Amino acid sequence: MTAATARRSRSPLPAATGIGALVAFFATMEVLVQSGMVNRFIVPPPSEIFGSFGRVIVEEHVFGRFLQTLTECLTAGVMLTVFGVAGGVLMHRFKLLQQACETWVAALASAPIVLMYPLFLVIYGRSAWTIIMMGFFAALPPVILKTIEGISGTRKVLINVGRSFNLTPSQQFWKILFPSALPTIFVGIRLGLIFALINIVGVEFLINYGGLGQLINDLAERYDLAGTYAAICFVILVSVLFFMALEKVERWLRPVD
Amino acid sequence: MAAPSSTNNAILTADHINVRFETAEGPVIAVDDVSFDVKQGEFFSVIGPSGCGKSTLFNVIGGLLSHHQGTIKVGGETISEPHKSIGMVFQEESTFPWRTVTDNVAFPLELIGMEKAQRIERAKHFIGMVGLNGFENRYPGELSGGMRQRVSLARTLASEPKILLMDEPFAALDEQTRLLLGDKVLQIQQQLKQTTLLITHNITEAVQMSDRILVMTYRPGKVKRIVDIDLPRPRTSEIVGSDAFGHYVAQIWSDLREEASRGMRDQEKHVMDEGASS
Ligand SMILES: Nc1ncnc2c1ncn2[C@@H]1O[C@H](COP(=O)(O)OP(=O)(O)O)[C@@H](O)[C@H]1O
Ligand SMILES: [Mg+2]
């Protein structure tokens with residue numbers, strides 16, 4: 001199939017179905033809550049959540065907090081990409097390092113790093129850096145592991161093409177291994193960003209500091225359930241923005257697979 | 001048997017090449033004492049049943065394999081790593097999926113530091129040569145298998161190798177595409193007076209294109225015979241219908257059939273053994 005036909009065959013149907021399903025879900029919840037089948041002290045009716053948006057935006061300075069969480073995610077994301085990819089490359093390059101560390105990195109991926117927040121508080125104080133560093137460490141393993149996977153997965157014949165053209169080791173890396181690994185590395189970064197966002201909002205909530213996580217903590221303690229859910233919507237917005245930006249970067253780096 | 005006729009105009013010489021692999025089932029002799037030479041401007045083919053050691057030989061000549069015995073010389077110079085005079089086209093799909101057709105073909109030009117405008121111009125020339133005009137800005141993922149193989153060929157040609165070395169470049173294509181691409185290669189070879197070493201298992205392809213054909217035996221991979229193909233040039237795929245052509249095909253097939261059936265029996269036995277042991 002050519003690019004032109006691929007473009008033409010993109011119909012609005014999937015997007016419409018997605019939005020439709022979401023609307024249907026909210027409508028169903030509304031009915032369930034209003035009819036008393038779901039306790040409204042656990043789940044507020046969606047209409048009330050949407051109604052509280054104005055209040056959350058004006059009274060709780062949600063945009064400032066939104067920006068704060070966004071900045072923390074962005075910082076962690078940049079660090080993640082730089083150190084995660086570099087770590088993966090080094091581990092691929094030095095097999096001993098890979099054999100020594102790969103299992104540990106994989107173990108770290110499933111460790112509940114968020115529980116180590118007291119340690120980070122001691123090191124970085126009650127500041128944005130505690131939050132950023134926790135997001136960073138929690139999200140590092142998938143980036144490292146996917147970088148290794150991507151580089152090792154480079155097809156043998158492409159490496160041989162490079163050798164047949166007498167590429168230097170650095171050309172071999174930048175012109176063949178790295179571009180070939182890029183799609184897999186992006187999978188790692190995407191996973192990493194999910195981990196980072198979860199941890200960042202979680203730590204904000206736990207140490208009651210800064211952005212959207214703290215707001216959720218506040219609202220929950222005030223038992224403002226509708227406001228809590230409205231704030232959660234803003235967390236989702238952060239992740240949506242990140243994924244859209246990431247997709248743009250990926251398309252720019254590698255237009256077609 | 002086939003001692004290298006050490007003529008002065010040999011551009012490539014393979015001298016007593018031996019390659020063995022240590023495998024779980026013991027050593028396999030993939031190439032056994034293979035010697036030949038290729039002359040300047042010649043189209044030379046190596047033919048043999050699959051598994052006889054053709055790709056191994058390809059890798060040795062290309063400098064990608066170094067644990068062989070014997071020597072490969074290019075213009076009198078013994079090689080131990082990929083030599084800039086040899087351009088390789090691989091059997092597997094080998095285009096870079098992240099580069100457009102132009103950027104794929106311009107790859108070797110980029111390596112020598114040619115400036116952008118000039119290398120796009122050069123790449124365009126080779127893209128035209130393999131008949132892919134109009135596809136310059138497409139990505140390999142948008143092309144058919146035959147077109148991708150032509151991109152690989154153009155990329156190798158762009159490095160202007162003294163010797164074009166190809167390992168079953170059309171093996172994965174259907175018969176019609178293969179014949180037409182064969183025409184293209186012949187046309188290019190005549191146009192550039194390109195010295196070419198083609199590795200193939202296809203008799204028609206070998207006879208259609210070659211000046212000489214080396215027939216390999218199966219396990220160990222030895223030289224069975226080197227056949228001179230005395231057909232007029234320029235050739236196209238139309239030659240396939242001629243009597244002389246049929247005669248050469250029959251001759252090479254009689255050499256090969258013995259080897260091919262030995263190869264088949266060997267592989268069947270292998271499957272049986274595995275079945276018995278499991
Ligand atoms: N890296 C390797 N390790 C072990 N055995 C190999 C290796 N490469 C090739 N062989 C063996 O050498 C023989 C020749 O292989 P190859 O050169 O690929 O044959 P062809 O290209 O003619 O089909 C085969 O029996 C194959 O199993
Ligand atoms: Mg082969």
Cα-centred dipole magnitude for region B:96-160, charges only on beta-carbon of K, R (+1) and D, E (-1), debye, nearest 20: 120
Helix A:13-34 vs. chain A, principal-axis angle (Cα, 0 to 90°, nearest 10): 30
Span-like helix ranges in chain B, DSSP H, alpha carbon extent 15 angstrom or more, Kyte mean at least -0.5: B:145-158, B:175-192
For region B:211-217, 3J(HN,Hα) per residue [Karplus equation, 6.51 cos²θ - 1.76 cosθ + 1.60, θ = phi - 60°, Hz, x = Gly/Pro]: 8, 9, 10, 9, 9, 9, 8
Share of carbon and sulfur in the accessible heavy-atom surface of the protein assembly as shown [1.4 Å probe, %]: 62
Crossing angle, helix A:95-110 versus chain A [Cα axis fit, 0-90 degrees, rounded to tens]: 10
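Taking a ≥ b ≥ c as the square roots of the eigenvalues of the Cα gyration tensor of chain A, is the shape rounded (a/c under 1.5), prolate (a/b larger than b/c) or oblate?
oblate
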Unit charges on C-beta of K, R, D, E only; dipole of chain A, Debye: 1340
Accessible area per residue, Å², region A:61-253 with all protein chains present, probe 1.4 Å: 48
Greater than 19 Å apart at Cα, pairs in B:184/B:222; B:116/B:162; B:39/B:162; A:95/A:146; B:54/B:222: B:184/B:222; B:116/B:162
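The values are calculated or read from the model by the stated rules, or taken from the named source; none is laboratory data. Bear in mind that the values here come from a model prediction, so they are computed numbers and not experimental data. Every residue, glycine among them, receives a Cβ derived from its backbone with ideal geometry; neighbour counts consider all protein chains shown. In case anyone asks, the SASA skips ligands and DNA or RNA and just uses the protein heavy atoms, side chains included. Shrake-Rupley method; radii C 1.70, N 1.55, O 1.52, S 1.80 Å.
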